[in-house]
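The values are calculated or read from the model by the stated rules, or taken from the named source; none is laboratory data. Being a predicted model, the structure only gives us computed values, none of them experimental. Cβ: placed from backbone, ideal geometry, glycine included. Neighbour counts: every protein chain shown. These area figures cover heavy atoms from the full protein model, side chains too; ligands, DNA and RNA do not enter into them. Shrake-Rupley method; radii C 1.70, N 1.55, O 1.52, S 1.80 Å.
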Amino acid sequence: MADIALPPQDISVVEGSYLENIGKHKGLAAWLLSTDHKRIGIMYTVMLFSFFSVGVLLGILLRLEMISPGGKLFGPEVYNALFTLHGVIMIFLFVIPGIPVTLGNFFLPLQIGAKDVAFPRLNLFSFYLYVIGSAVILTALFVNGLPDTGWTFYVPYSLRTTTGVTVAVFGVFIVGFSSILTGINFLTTIHRLRAPGMTWFKMPLFVWALYATSWVQIIATPVLAITLLLIIISRVFGIGIFNAAAGGDPVLYQHLFWIYSHPAVYIMILPPMGIVSEIIATFTRRTIFGYKAIAMSSLAIAFIGYLVWGHHMFVAGMSQQADMVFSFLTFIVAIPSGIKVFNWVASMYKGSIDPQPPFLFVMAFMVLFSIGGLSGLVLGSLATDVHLTATYFVVAHFHYIIFGGGVFIFFGALHYWLPKMFGRMYDKKIASWDLLVMFIGFNLLYFPMFIMGYEGMPRRYFTYLPQFETLQHISIAGSWILVAGLIVMFVNLIHGAIKGPRVGPNPWGGTTLEWKTASPPIHENFEEEPVVIHEPYYHEEAFTS
Amino acid sequence: MSEISLPESAKHTGHAGHPKKDVHGIKMGMWLFLMTELLLFSGMFLLYSAYRYFYTKEFHEAAMYTHTLFGTVNTMVLLTSSLTMALSITALERGKKWLSVTFLSSTIALGLGFLVIKYVEWSTEIHEGIYPGSPMLFKHPRGFELFFAMYYLMTGLHGLHVLVGCGLLTVMLIFIIKGKITQEDSVRLEAAGLYWHLIDIIWIFLFPLFYLVN
Amino acid sequence: MEQQTLTEHKGAPTSYGIYVLIWLALMALTAITAVVAGINLAAFTLVIALLIALVKSSLVVNVFMHVKYEDKIFKIFVAIAGGVLSVIFLLTFADVYFRR
Amino acid sequence: MRLLPYALNHAQAVDDVMRFIVICSLILFTIVVATMVFFVFKYNHKRNPRATSIPGNVPLEIFWTVIPTVLVLAMFYVGWEAYLQIRIVPKNAMPVKVFARQWSFSFEYMNGKRCDTLYVPKGRPIDCLITSLDVIHSFYLPAFREKQDALPDRIRHMVVYPEHLGVFDVVCTQYCGLDHSLMKTKMIVLPDTTFDSWIKSSSTAEPKVALGDSTIYF
């Protein structure tokens, strides 16, 4: 770690950081065979963002197809494959593993004061399952042509198409097991390895969020696994379990699929919610407002997430009674999310707010997530959903939630924790201005889709009617602005991680345990086992007034 | 660093693990895994119940074609294997290594026996022309084929679990013989036992659904 | 809280006798299910068969799998699994049952 | 918000629901964002160097739990109410079979007449009996704010009230393969008498009608 010309304000280089190799392996092998949760977290991060880049590229191409109403750029065959791959990669390889496997892996043990997760070798195994699964998915591209079913693999189309669906589905199946094992690992870690004194209500809210997420992972994912297995078996052995001609019911497939995939939305959004609480508590220099309400609403969201899957199926041909029940429950699920937003805003009251880049990401999140969540109310309502489902409105809605809500906080969290992970700082000014660029780009990209959807533009069309041309062009322009912002952000972060100025263990004044160890953290996280006596967001001066 | 002071009351309430094996944690992990297995099968049970509701009459008639004797015998085989599994753990905890090995071997043998009976049963049925897409089922109303599709899928998936369980128990057997699993450190055997009992429980529900509806 | 229970629960009665007793009960229940299936009780046949299956599985869970003697947290796990299962079945049948 | 021409009172109802939810949402959105921006400005660390920790306020939290609950229940109710209009089939409805296949729609009237364009008389509720001949499709009438998936081997109902003469688009919104995006046809609302003479005639020729100043959408 001999670094030339250290800046004067620099603190001494950390001895025994996890970035230094110990043990018998050297070079790459020391990473690939490491069971250190921090190294596994970093490896996941690299993998995930590689897939994210591919997904973004596919997304850009999807938008580019809309440059003219005729859809002459790729034509239907390629376009159908593009949106399938964009969905499969973004959903199954990026946002679902998402924050838990990357930052969760890195910071869960640190935040609860443990040396590692409960099953370090299982953790590495999960990583390799993820790698194998994603490799299998990518193999599907070269077998029988590009899969063209959309990421939902709806039967009977997915049973009839001759493209490489079987292989892709099998890849998703494997990735699913990686997700289950990570969930088991995290739950056991949180139950068993909390530092002395860290009672349940002294856990940081990110830990609460991961706890709720892990439950969803282990309970919902098996349902997806069996559903995908049934597709594989149906395709390979020709068993007509969902085939209407053999008496099967395609709507039951959709039930099974959404029993997993709706809770999966909470796998995507709960961890970012946890991080929002962390960042707000740090940069307002005060405790979070309504800690218990936020913690409990994580669990509540995880649980009621199981009650609303039917709202993806209001026009699928369910019974009216089911439509009513699911619409009602959908509105109920909106309440805990609302409570969280109100609590976060209230947490800024009488704080001492330092709007550093991570906090600015939270502000962007509050806007984008609110738009996404409120547009969800329109979709939860039966009459409007019948009109808007399967149009651009839905596309806009879930991108606001998942991308604007979840992924923007993923970025914010990277800005928050990068100094801890690498002991170095990125350029904060670039980060702040770049966020503004991304925010503008994002809204230009997705907001027109709300309008187009309301006007009846169906999703998954490689072509459109001339009347939508202006809005489509605004959207395309937005996509380029957003991508430019993304590139600048990644360059800034990577440059910061490698060459940025060194920072001390606690550059933001955070109060949770990860800030009490060195930056970058040492191999077994803490010099001595930490003991917790205060609540997680104990800013001393704010309490002693 | 104000937080890192050491009040006596807060000491040693947690932070288990590294010096000694966290037995409780391992069991917890296994239980969580069993929950996922249960949910995996529940997807199939859900399909079964929905189809049974749609095709009540056909399911009743189709169930006449399954062999209740095979099913009953297999239930008893699997229940007995669960007994020997539990006995094997008790024997090990009481320090009777070779008794434990004997019980565990009989568990594996019973598991394999279950698979053999299942194989004979399936071949009889396939010989009788009962398999998804067969011309014989084609003559019956629609629900028939669905019943047997569910039958083969669910018993097949269960059989696969029995096979995996047998493999797992064989590894445990080797560990006991080699002294890697001992009276003091028996948690891995216990975890494997939990898995075996879950397979048993799933069969307890499959049995009435496929063999006893007539 | 389960944190305090680092040491294993050694108080669990893991005697051979109890296991054999439970096994006998399970075998008897299996025999009963098979016999009940022979008598035609129409719709009740399945209900009875499933009830017996429920009794059998709870015997296995409680005794063979030690839940009866284990920490509270394992009981909660079992309850969570059961709760989610019933929710999934209930809501799916909100559709299936009323389907035209 | 009148982006689309109203084709029937159901569209009006949907738009009313939409307006209600959007207005409520805008109010909530403005409150949240404005308050946040105000706090960030007012309690900036330069103006307020020392924070005050407020762990919670139970009455306040109850308040902002109850108000949204009431709001969303109202939203649920109005949405459900409007939805029933297209799901409950009136007695005087005229049944029309709708067949979806890769990648086109076709229609069959009760007297057996078949057609690739949906002709309907003005002012009479239409009971669409929707089914698919292969994979899942969706029968979507944007101007009517109505949509229903077409399932193979199953029939689903959707009621349409054509109140104005005109030509309206029919598109598929459930992804169904290669030419999903090209799976579309028209629904043409005819005057009662024109429709009656067309349906009785054996010719498959398009009915000749002067649609006048009627709305032409798409």
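Table for the structure above
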| quantity | calculated |
| --- | --- |
| Accessible area of region A:427-514 belonging to carbon and sulfur atoms, whole % at 1.4 Å probe | 76 |
| Mean Kyte hydropathy of -1.0 or more with a Cα span along the axis of at least 24 Å, helices from DSSP in chain A | A:37-64, A:120-139, A:165-192, A:205-237, A:250-283, A:320-348, A:357-380, A:428-454, A:469-499 |
| DSSP beta bridge pairing in the protein assembly as shown, given as percent antiparallel to the nearest 5 | 65 |
| 10 Å Cβ neighbours from other chains, averaged over peptide A:332-338 | 4 |
| Surface share of carbon and sulfur [accessible, 1.4 angstrom probe, percent] for region A:197-314 | 71 |
| Expected 222 nm ellipticity per residue - DSSP helices of 4 or more, -39500 (n - 2.57), all of chain A, to 500 | -21000 deg cm²/dmol |
| Nearest-10 value in Å² for the accessible area of A:L210, using the 1.4 Å probe | 0 |
| Minimum 10 Å² accessible area buried by the other protein chains, region A:348-365 residues, probe 1.4 Å, relative to alone | A:M348, A:Y349, A:K350, A:G351, A:S352, A:I353, A:D354, A:P355, A:M363 |
| Exceeding the 28 Å Cα-Cα cut-off - candidates B:K139/D:K91; A:K202/C:K75; B:K178/C:K56; A:K340/C:K72; D:K113/D:K147; B:K139/D:K147 | B:K139/D:K91; B:K178/C:K56; A:K340/C:K72; B:K139/D:K147 |
| Relative contact order for chain A, counting Cα pairs under 8 Å that sit 6 or more residues apart, in percent | 19 |
| Residue-level accessible surface for D:S138, protein heavy atoms, 1.4 Å, Å² | 0 |
| Mean Cα-pair separation over length for region D:94-216, i.e. relative contact order, pairs under 8 Å, 6 or more apart, % | 27 |
| Where GluC sites (Glu not before Pro) fall in DSSP loop in region B:112-214, at most 10 other Cβ within 10 Å | B:E184 |
| Length released on extending from A:K24 to A:E527, taking residue separation times 0.36 nm less the Cα-Cα span | 178.8 nm |
| C-alpha long axis of helix D:58-87 to longest principal axis of chain D, angle in ° | 0 |
| Charge context of B:F205, other residues only, Cβ under 15 angstrom, K/R +1, D/E -1 | 0 |
| Residues A:R160 and A:H495, FRET efficiency given R0 of 60 Å [Cβ-Cβ distance, rounded to 0.05] | 0.75 |
| Chymotrypsin sites (Phe, Trp or Tyr not before Pro) lying in DSSP loop within region C:53-93, provided at most 12 other Cβ fall within 10 Å | none |
| Reduction of at least 30 Å² in accessible surface, 1.4 Å probe, comparing all protein chains with the chain by itself, residues of region A:149-167 | A:Y154, A:P156, A:Y157, A:R160 |
| Calculated FRET value between A:S432 and A:L64, using beta carbons and R₀ = 25 Å, to 0.05 | 0.25 |
| Full-extension gain in nm, A:F125 to A:V143, via 0.36 nm per residue minus C-alpha separation | 3.8 nm |
| Length-normalised contact order of region A:442-540 in % [C-alpha pairs under 8 Å, at least 6 apart] | 24 |
| Longest segment of chain A lacking trypsin sites (Lys or Arg not before Pro) that sit in a DSSP loop with at most 15 other Cβ atoms within 10 Å | A:73-545 |
| Label-point separation, A:L465 to D:T117 (7 Å along Cα→Cβ), nm | 1.5 |
| Probe 1.4 Å, accessible area per residue of region A:34-536, Å² | 24 |
| At most 14 other Cβ within 10 Å, DSSP loop - chymotrypsin sites (Phe, Trp or Tyr not before Pro), region B:123-203 | none |
| Average partner coverage of B:184-190, which counts Cβ from other chains inside 10 Å | 1 |
| Candidates D:I27, D:I136, D:I86: whichever shows maximal mean-square fluctuation once chain D is modelled as a Gaussian network with Cα springs under 10 Å | D:I27 |
| Accessible area that becomes buried as B packs against C, both chains, 1.4 Å probe, Å², nearest 100 | 4500 |
| Accessible area of region C:14-69 divided out per residue, in Å², using a probe of 1.4 angstrom | 47 |
| Mean accessible surface per residue for region D:1-80, computed with a 1.4 Å probe while every protein chain stays in place, in Å² | 54 |
| Average beta-carbon neighbours from other chains, 10 Å sphere, peptide D:75-87 | 6 |
| Residue with peak Gaussian network fluctuation, chain B [Cα springs, cutoff 10 Å], from B:L153, B:L87, B:L169 | B:L153 |
| Interface residues in region D:120-151 - accessible area drops by 20 Å² or more relative to the isolated chain, probe 1.4 Å | D:D134, D:V135, D:I136, D:Y140, D:R145, D:K147, D:Q148, D:D149, D:L151 |
| Interface size D-A, as summed buried accessible area [1.4 Å probe, Å², nearest 100] | 7300 |
| Cα-based helix-to-principal-axis angle, D:9-42 vs chain D, degrees rounded to 10 | 20 |
